[in-house]
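Here's the structure, in structure tokens; my notes come after.
The values are calculated or read from the model by the stated rules, or taken from the named source; none is laboratory data. Note that the coordinates shown come from a computational prediction; the quantities given were computed from them, not determined experimentally. Ideal geometry is used to build each Cβ from the backbone, glycine not excepted, and the neighbour counts take in all protein chains shown. Note: accessible area is taken over every heavy atom of the protein model, side chains too, but ligands, DNA and RNA are not part of it. Shrake-Rupley method; radii C 1.70, N 1.55, O 1.52, S 1.80 Å.
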Amino acid sequence: MRKPVIFYSGNTVVRAGNIVGIRGEYLDQDWTAVISDGVRKETIDLIQQNRQSFKIQIPADFEEGIYTLELLGSQPLKIALNTPKVRWMQGDEGESTTPNGWVRLQGECLRIHDKAMPHMMLKAPDGTKIILYPERIYDDYSVGFVIPGLQPALYQATYWNGYASCECGILTVAPSPEAAWRKTVYNVTEYGLSNRSVQDCTEALNKLLARAEAEGGGVLYFPRGRYHLTGCFHIPAGVILRGDGYRYTQLFWTDEWRGTGTPENPKGGGWYPAQLPEVMITADGNFAIEDLEFAGGRVGRLLRAGSAKNPAKNVRIENVRVSINAFSGINGRHSQERYCAVLKETWHLWDGEEHDMLGIHGSIVKIRNCKFDWSGRLMSYGYQMEYLLMQNLEIGNVGAVRYWMPIGDLDKAIIEDCDINGWDVGCGGDNIYMARIQIRNTICGDREAFTTDIASGIEYHNTAAILDGCHFAFPDNVDLSRVKAGSKLCILSGTGAGQFRRVTGIEGQIVTIESPFDVQPDEHSHMTINRMFTNWYFKDFTIDNCGMLQFYVAQGNTVVDGVKTTRSTGIKGYGQFTYKGIQNNWYNSYINNELTEGNCYHRNGWFDYHDNFPGELTAHRLPGYSFLYITGRAGELIHLCCTVRGNILRDNCMIYIRSAKEGSVSDLIVDSNYSADSFCGIYVEGKPERMLLSGNACEQVEEAVHYEESRGVHPSQDW
């Protein structure tokens with residue numbers, strides 16, 4: 001018999017009474033299962049055991065802490081639950097931290113409970129050990145430390161969550177890049193810029209920037225006042241733009257006044273952006289903007305920094321306000337349609353990304369304490385950023401133009417304490433922590449409050465030739481042009497199903513992955529490649545009067561914890577076949593969320609167009625309901641090992657499970673949820689495989705669990 005292997009054993013803290021899902025290979029062993037909390041041991045059952053998965057329930061009288069599961073038999077196995085896993089470290093300088101700076105750890109089970117004090121140990125190159133205690137424990141997924149005045153060096157980091165430890169990797173302590181920037185201050189009013197008239201300061205500003213660049217950088221100080229600009233300027237490396245605060249120092253651009261009639265405005269008179277540049281500010285990296293306001297009455301890009309080939313590094317935007325509205329002007333407001341037509345005709349912008357406010361391709365990007373009132377998009381998926389920090393932002397309060405507002409394609413990002421009003425927001429990438437975010441009043445495509453989107457990958461989902469542990473050959477008829485480094489190679493069925501690995505290279509039809517699978521696929525294993533977004537942590541969102549928080553494309557190892565929705569469409573894990581490929585949702589957990597006031601009006605058509613699925617709950621039957629929605633709308637293992645635990649649903653809100661094809665939702669746990677005042681607590685369509693409902697409670701609900709009998713749905717023996 002083959003040696004059993006575990007791929008997954010949960011990604012949240014589990015407590016007494018909780019159900020835990022285990023995924024792996026060769027798990028159909030004749031085992032005796034014994035679990036311990038460190039004080040006592042108890043023999044338990046393996047629930048829904050099969051070759052690739054089983055579930056267990058933590059005994060109700062166990063203490064909080066580490067739980068050790070021993071599987072005793074001819075092929076023994078031991079599993080520890082609630083051990084920490086650090087996915088990435090992020091310092092005050094992104095990939096590094098400065099002496100007397102800070103570092104944040106993001107991952108899973110970083111806190112078990114408040115009485116167990118975590119710590120981090122740093123080991124210096126000379127062997128010296130430094131113990132650090134948290135400056136702040138944000139939650140189970142993020143812990144922050146202050147770094148003492150250590151010597152710049154590489155330190156081996158280990159983290160302890162109060163019960164168990166894990167290796168974090170290497171922490172780099174190094175001086176801030178800004179420390180090397182020149183400190184000379186240029187008062188711009190001494191170099192020809194006026195802050196008290198309508199004088200155009202563009203030429204004088206560009207001359208001063210050229211001088212600062214030639215002299216090695218410095219601080220351009222704008223004393224309080226208003227500075228009129230009509231053109232673009234470039235921020236050289238090592239330059240800081242600094243004002244007296246965004247309430248007091250403003251850089252503003254004016255549109256062109258046309259006093260005669262135009263085809264767009266035959267009655268004459270109006271403000272148009274035709275004479276202003278497409279981009280107001282450009283930069284290549286190593287710059288900062290602080291304590292300023294940018295204002296105007298046009299749409300176009302405010303800032304472009306770096307490119308995909310030449311990324312900008314070390315970008316800081318702090319205490320900045322942007323007040324730019326396309327629909328403003330002395331002669332009344334432009335209509336959206338007319339303004340969009342002007343943009344498209346004049347610059348051919350509207351089909352691309354050039355109307356986004358910030359176009360930053362780069363790493364170590366810090367945007368803090370800002371207020372953005374902008375009538376285009378903030379960013380775009382086209383902008384790839386590594387080590388992004390976004391804190392304390394207010395975004396919105398201007399009528400958004402058509403599109404949703406993606407933040408970017410990210411790798412290692414902390415986004416927290418932001419208020420987003422009137423935007424459909426989203427992002428993509430890996431290693432993302434988002435917490436304490438308020439999203440209100442989405443108006444663009446109000447089916448969504450937050451969404452992932454823009455998938456890529458292959459249409460093929462069948463067998464590839466296995467060359468060795470890290471190289472796979474796909475047939476010549478498989479189009480790999482949409483496969484990029486960072487995509488994930490996923491095993492959908494057969495031996496090794498449920499594993500994914502990061503793609504590091506593509507050469508011809510050969511795909512290379514970062515490390516071998518724990519269990520190699522065989523000639524019968526079906527595989528696909530997509531842009532699965534992994535290691536996301538959503539904590540303590542507030543979503544009011546909005547659409548869905550949804551994962552529309554492939555999503556892996558993601559936790560949604562403590563999200564509260566009111567008058568909103570809910571939370572959606574959306575495994576499906578779209579963008580010409582399998583978009584699988586694997587190992588995602590939805591815990592401790594609260595959905596209330598399901599009488600939302602958002603996009604009733606979102607639930608009315610499903611005429612191709614005549615038995616579907618939402619087909620002309622329940623518009624306005626809110627859902628915690630787990631759906632699999634394609635074939636094999638499209639939605640795998642999802643946990644729905646400890647959620648509260650009131651006022652026409654319900655858990656909705658839909659498996660469009662048999663087995664497309666597999667190993668689902670619906671555990672200890674509470675429903676009240678609704679048509680039903682849990683609504684099930686299709687044929688999910690190995691679904692476990694346990695400990696759910698209802699109050700003033702017609703049916704605790706409703707099986708859609710019109711589609712032949714009924715509880716199978718393994719539910």
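Within the range 231-248, residues that are among the acidic types (D, E) have Cβ atoms under 8 Å from residues that are modelled with pLDDT of 95 or more in these pairs: D244/F222; D244/P223; D244/R224; D244/D291, counting only partners at least 6 apart in sequence or on another chain. Annotation: of all residues in the range 466-478 being in contact with a strand residue (DSSP E or B) (Cβ under 7 Å, 6 or more places away or on another chain) and open to solvent by less than 50 Å² (accessible area, probe 1.4 Å), the one that is nearest to I582 (Cα to Cα) is F474.
Within the range 244-263, the residues that satisfy the criterion of being modelled with pLDDT of 95 or more and either over 15 Å from R196 (Cα atoms) or surrounded by fewer than 20 Cβ atoms within 10 Å (Cβ to Cβ) (or both) are D244, G245, Y246, R247, Y248. Each residue in the range 154-195 was checked for being more than 15 Å from L132 (Cβ to Cβ) and assigned to a strand (DSSP E or B), and 9 of them qualify.
Residues that are surrounded by fewer than 17 Cβ atoms within 10 Å (Cβ to Cβ) and under 13 Å from C232 (Cβ atoms) within the range 203-215 comprise E203, N206, listed in sequence order. Selection of the range 365-385 for residues being assigned to a strand (DSSP E or B) and within 22 Å of F252 (Cβ to Cβ) yields I367, N369, C370, K371, F372, D373, W374.
Here is the figure for the range 513-542: residues that are open to solvent by 10 Å² or more (accessible area, probe 1.4 Å), in a strand (DSSP E or B) and not β-branched (V, I, T) total 3.
All of K344, K309 fail the test of being at pLDDT 80 or above and open to solvent by 20 Å² or more (accessible area, probe 1.4 Å), apart from K309. Kindly check whether there is at least one residue in the range 549-556 that is in contact with a helix residue (DSSP H, G or I) (Cβ under 9 Å, 6 or more places away or on another chain) and either in a loop (DSSP other than H, G, I, E, B) or of a type in the set (F, W, Y) (or both). Looking for residues that are in contact with a helix residue (DSSP H, G or I) (Cβ under 9 Å, 6 or more places away or on another chain) and either in a loop (DSSP other than H, G, I, E, B) or of a type in the set (F, W, Y) (or both), one finds none in the range 549-556, hence no. Among the residues of the range 431-457, those that are surrounded by fewer than 23 Cβ atoms within 10 Å (Cβ to Cβ) and within 23 Å of T512 (Cβ to Cβ) comprise N431, A455, S456. Elements of the type strands (runs of 3 or more DSSP E) sitting completely within the range 57-116 and holding at least 1 residues that are polar (S, T, N, Q): these cover 67-72, 85-91, 102-108. Kindly indicate whether D561 is modelled with pLDDT of 95 or more, among the charged types (D, E, K, R) and within 21 Å of the chain's Cα centre (by Cα). Considered against the rule, which asks whether it is modelled with pLDDT of 95 or more, among the charged types (D, E, K, R) and within 21 Å of the chain's Cα centre (by Cα), D561 comes out as yes. Among the residues of this structure, D409 counts as one that is open to solvent by 10 Å² or more (accessible area, probe 1.4 Å), assigned to a strand (DSSP E or B), in contact with a Phe, Trp or Tyr (Cβ under 6 Å, 6 or more places away or on another chain) and modelled with pLDDT of 85 or more. Within the set N11, N50, the sole residue that is crowded, with 20+ Cβ neighbours inside 10 Å, touching an Asp or Glu at 6+ places or on another chain (Cβ under 9 Å), modelled with pLDDT of 95 or more and outside any strand (DSSP E or B) turns out to be N11. Of the listed requirements (1) of a type in the set (D, E, K, R); (2) in a strand (DSSP E or B); (3) open to solvent by 60 Å² or more (accessible area, probe 1.4 Å), R482 misses just one: (2).
Is it true that M548 is closer than 30 Å to G646 by Cα, out of contact with any Pro (no Cβ under 6 Å at 6 or more places or on another chain) and open to solvent by less than 10 Å² (accessible area, probe 1.4 Å)? Against the criterion (closer than 30 Å to G646 by Cα, out of contact with any Pro (no Cβ under 6 Å at 6 or more places or on another chain) and open to solvent by less than 10 Å² (accessible area, probe 1.4 Å)), M548 qualifies.
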